[in-house]
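Beneath this line is the structure, given in structure tokens, with notes to follow.
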Amino acid sequence: MISQSGLRSKTVVSFGLAAAGALGTIVAGWSAWGWATLIWAALLLAAAAWLTRDSGFAPASASGDNAMIDNYLEGRERFGDAVLPVWCRHIENSRTQMEEAVSDLASRFSSIVDKLDNALHVSGGSGQGDHAMTEVFSHSEQRLGSVVASMKSAMASKHAMLAQIKDLERFTRELRGMAEGVASIAAQTNLLALNAAIEAARAGPAGAGFAVVATEVRMLSMRSAETGKEITNRVGLISSAILAASQAAEQSSDAEDKSMQSAEGMIEAVLNEFREMTDALVQSSALLKQESIGIQGEVGQALVQLQFQDRVSQVMSHVRANMEQLLPLLRENRQRYIDSGVLEPLDPDLLMHDLQKTYAMAEEHAVHSGARLAAPAASEADEITFF
Amino acid sequence: MGKTIMVVDDSASLRQVVGIALKGAGYDVIEGRDGVDALSKCTGQKIHLVVCDVNMPNMDGITFVKQFKQLPNYKFTPVIMLTTESQESKKEEGKAAGAKAWVVKPFKPEVLLGAVAKLVLP
């Protein structure tokens, strides 16, 4: 610490000693040396003046140095006034931009998570969709199975009907045989009636009554023969009709069998395709769910990392606030010099102490002490303090 | 109807980060920029839990918790302090103000959600 009065006293003492020396020289040597003594004294004074000029402590130069110090302090203040607000604005602007950008980033992450959840919900990846899809498939399979069963049942009925129609053929054959039997009986009866008529004629008038009977029997046998023929004809017609119907039914049954087999095959193919599709959908929704969980985990990690902004922002705020204190400190330092003439060096502890008081994080204290730290890890569950 | 959690932090990005974690777990979220803003939003509605920062402008977290606990509707509402502060003296201040837990940032979402699930009002 150097005071203005200290400078002045040193200057006065130095110059006074030189003047006293010169005066002593004049007084002591005037009588003996005369003008030579005066010249020597002048040289002493000149030397004293030169020496004090070199040391900067001469009265005339001291006022000049004080002005220089004033100018320097004022310039230093102007420097701080010009530079510090700009630095602080840059820091604050960067801090604000970082906060806005990170906030926007967090918002976008939030949007991604929401969209992912919606996509998962729509695709049925939540599990309910998979269950519903499996149920729909099972229900459809059951309904189509019942359709196939009822078609098969109808086909079975048709086959039974066809068998009954074929049985009718057998009946018509029997009827034809019975008709032939009637015709044969009629022919034999006719022959008997003829023989009876012959025997009646041989008996003469006694056999006249019997001849009438024989004639009637013969007529009956002839009518029986005609009826037998008629039955045979009708049975033939019925048999032909039944045969035609049977053949038509058989052809229809064959076609229906083929259609039935084709339909059954197509239903099975459709169900297989549907099953493959639902299996693929279930697999893809399971994959989507798995990926979604993975992405949500990544987003969770990103959320942890994004918290750096809060910490960095705090540090930047603390440093900016501390930098803002430098200008008042420079002003105070200059004012103290003006008021007391005492030029004090700037004390860094004032600012550093205030800066330390603002620290909220352990890492700030560590960095202050010169440590280089990596970003702190996120708190674990056992690091929570419950009160 | 979901449970409502108030998040008080002067950092918009931190409010977002906490909000994403809480909304993802099915909670409704109310945000406060600082203690004053948060108190103005405590209008008697049901708040099941508060997550609060400590160092904030206008009104710090400790003062907020003290005043919040004076409000009749929120006397029993649990508060979790979520802060970069890890000094024991600060934790004691939080406890004295009425906070129920202290979580140091940065936090893992699942860790915060674990504390929330443990303390949230039924």
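Which of the residues that make up the range B:18-58 are part of a loop (DSSP other than H, G, I, E, B) and surrounded by fewer than 16 Cβ atoms within 10 Å (Cβ to Cβ)?
Hits for the range B:18-58 are B:G26, B:K41, B:T43, B:G44, B:Q45, B:K46, B:P57, B:N58.
Would a scan of the range B:11-27 turn up a residue that is away from chain A (no Cβ under 11 Å), within 11 Å of the chain's Cα centre (by Cα) and either over 19 Å from A:E100 (Cα atoms) or of a type in the set (S, T, Y) (or both)?
no
Is it fair to say A:E174 is among the acidic types (D, E) and either within 30 Å of A:S253 (Cβ to Cβ) or outside the structural domain of A:A248 (by TED's automatic domain parsing) (or both)?
The answer is yes for A:E174.
Out of all the residues in the range B:107-122, is one or more within 11 Å of the chain's Cα centre (by Cα), facing chain A (nearest Cβ under 9 Å), over 16 Å from A:M361 (Cβ atoms) and among the small types (G, A, S)?
no
Take the conditions in contact (Cβ under 8 Å) with a residue 60 or more places away in the chain and at the interface with chain B (Cβ under 9 Å from one of its Cβ atoms) and apply them to A:V304. Does it pass?
Here the answer is yes, as A:V304 does meet what is asked.
Can you find a residue in the range B:76-83 that is away from chain A (no Cβ under 14 Å) and surrounded by 20 or more Cβ atoms within 10 Å (Cβ to Cβ)?
yes
Each row is one residue, and each column tells you yes or no for (1) of a type outside the set (G, A, S); (2) in the same structural domain as A:K357 (by TED's automatic domain parsing); (3) surrounded by 13 or more Cβ atoms within 10 Å (Cβ to Cβ).
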site	(1), (2), (3)
A:S246	no, no, yes
A:A249	no, no, yes
A:G297	no, no, no
A:V312	yes, yes, yes
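Taking the condition of being within 7 Å of chain A (Cβ to nearest Cβ) and under 13 Å from the mean Cα position of the chain (by Cα), how many residues in the range B:88-104 meet it?
Matching residues across the range B:88-104 total 6.
Given the condition within 14 Å of another protein chain (Cβ to nearest Cβ) and touching a helix residue (DSSP H, G or I) at 6+ places or on another chain (Cβ under 7 Å), answer yes or no: does some residue in the range A:275-293 qualify?
Yes, because at least one residue in the range A:275-293 is within 14 Å of another protein chain (Cβ to nearest Cβ) and touching a helix residue (DSSP H, G or I) at 6+ places or on another chain (Cβ under 7 Å).
Considering only residues that are out of contact with any Lys or Arg (no Cβ under 9 Å at 6 or more places or on another chain) and more than 10 Å from chain A (Cβ to nearest Cβ), which ones fall in the range B:54-67?
The answer is B:M59, B:D60, B:G61, B:T63, B:F64, B:V65, B:K66, B:Q67.
Quick one: would you say B:L39 is aliphatic (A, V, I, L, M), more than 18 Å from B:V120 (Cα to Cα) and within 12 Å of chain A (Cβ to nearest Cβ)?
It is false that B:L39 is aliphatic (A, V, I, L, M), more than 18 Å from B:V120 (Cα to Cα) and within 12 Å of chain A (Cβ to nearest Cβ).
The values are calculated or read from the model by the stated rules, or taken from the named source; none is laboratory data. Not measured: the values here are computed from a predicted model. Counting neighbours? That spans all protein chains shown, and the Cβs are built from the backbone with ideal geometry, glycine included.
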